[in-house]
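The values are calculated or read from the model by the stated rules, or taken from the named source; none is laboratory data. Worth saying up front: this structure is predicted, and the values here are computed from it rather than measured. Glycine gets a Cβ as well: all are built from the backbone with ideal geometry, and neighbour counts include every protein chain shown.
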Amino acid sequence: MSKEELIKGLNEDLAAEWGTVIRYTYQAGKSFGILGTELREMFEQEVQDELGHATFLTDVIVDLGGEPTTTPKEFPKHDDIKAMLALDLEMEEQDVENYTKHAKMAEKLGEVELKIKLEEMAADEAGHAREIRRILKGL
Ligand SMILES: [Fe+2]
Ligand SMILES: [Fe+2]
């Protein structure tokens, strides 16, 4: 396992974060009615977290000597709120898994601060997943 592999993994995380920023902004715009109002609030809050994650990853990739991606991960567009949220839940759970995996890689490379920050980001995404599950339960 090398620094290059870690940079590659972090760039995949970064592409996912850019994708999430766009996905939540798009979905907020396509959320209507009373439920839509609650969803818009959640998406707006979570976009701030994802932007923070993207900023951190960009800085770390540069610091490790890599080139940070500016290309977002693509996502399917849904009009149906339930389908939107099911996709979001899947993506958040995937992010938890990836950050946990990359935190272990960082630890092996002796990148202590990075390991802790990636675990914190995994925790942020787990919180987002819980919030989405809570809304999905009521649908
Ligand atoms: Fe994130
Ligand atoms: Fe998230």
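Of all residues in the stretch 105-139, how many are away from ligand 2 (no atom under 16 Å from the Cβ) and within 13 Å of the chain's Cα centre (by Cα)?
Number of matching residues: 0.
Taking the stated definitions as given, is L89 within 11 Å of ligand 1 (Cβ to nearest atom) and closer than 17 Å to A123 by Cα?
No; evaluated as a whole, the condition is false for this residue.
Report yes if G65 is in contact with a helix residue (DSSP H, G or I) (Cβ under 8 Å, 6 or more places away or on another chain), within 20 Å of K117 (Cα to Cα) and more than 16 Å from ligand 1 (Cβ to nearest atom), otherwise no.
yes
Of all the residues that make up the stretch 1-57, how many are among the hydroxyl-bearing types (S, T, Y) and at pLDDT 95 or above?
5
If E5 satisfies every condition in (1) part of a helix (DSSP H, G or I); (2) more than 14 Å from ligand 1 (Cβ to nearest atom); (3) within 30 Å of I135 (Cα to Cα) but one, which is the exception?
Failed condition: (3).
Return the only residue of V60, V96 being more than 27 Å from K30 (Cα to Cα), modelled with pLDDT of 95 or more, β-branched (V, I, T) and surrounded by 18 or more Cβ atoms within 10 Å (Cβ to Cβ).
V60
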